[in-house]
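Participant: Here's a structure for you.
The values are calculated or read from the model by the stated rules, or taken from the named source; none is laboratory data. In this text the structure is predicted, and so the values were computed from the model without any measurement. Here the Cβ positions follow ideal geometry from the backbone for every residue, glycine too, while neighbour counts run over all protein chains shown.
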Amino acid sequence: MAKTPRISIPKAVREYVLQRDNQQCRSCGATTALSIDHIIPLANGGSNDISNLQTLCCHCNSRKQDHFDPRFDQRFT
Ligand SMILES: [Zn+2]
């Protein structure tokens, strides 16, 4: 399976995801410091499709990153 290239998310897509999620973090409901997160990380075979994107605040996003051990990726590349 080809790896999904890491492209920057187009502004229109970011705005669509924010609107869909009511401009709130989907984990804690925060309305500030929001960012767009890949639900399945690209490194783990996730896509840039809207269905794989969600709104997370910086706090939840960094907590989620911690959850994925970088060594996990190396076993599959
Ligand atoms: Zn949050």
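Participant: Out of the range 15-45, which residues are part of a loop (DSSP other than H, G, I, E, B) and more than 10 Å from the ligand (Cβ to nearest atom)?
Facilitator: Step one: list which residues in the range 15-45 are part of a loop (DSSP other than H, G, I, E, B), which gives 21-33, 39-41, 45.
Scanning the range 15-45 gives 21, 22, 23, 39, 40, 41, 45.
Participant: Right, next: Given the criteria at pLDDT 95 or above, within 9 Å of the chain's Cα centre (by Cα), surrounded by 17 or more Cβ atoms within 10 Å (Cβ to Cβ) and farther than 21 Å from residue 5 by Cα, does residue 34 qualify?
Facilitator: Spelling it out, it is not the case that residue 34 is at pLDDT 95 or above, within 9 Å of the chain's Cα centre (by Cα), surrounded by 17 or more Cβ atoms within 10 Å (Cβ to Cβ) and farther than 21 Å from residue 5 by Cα.
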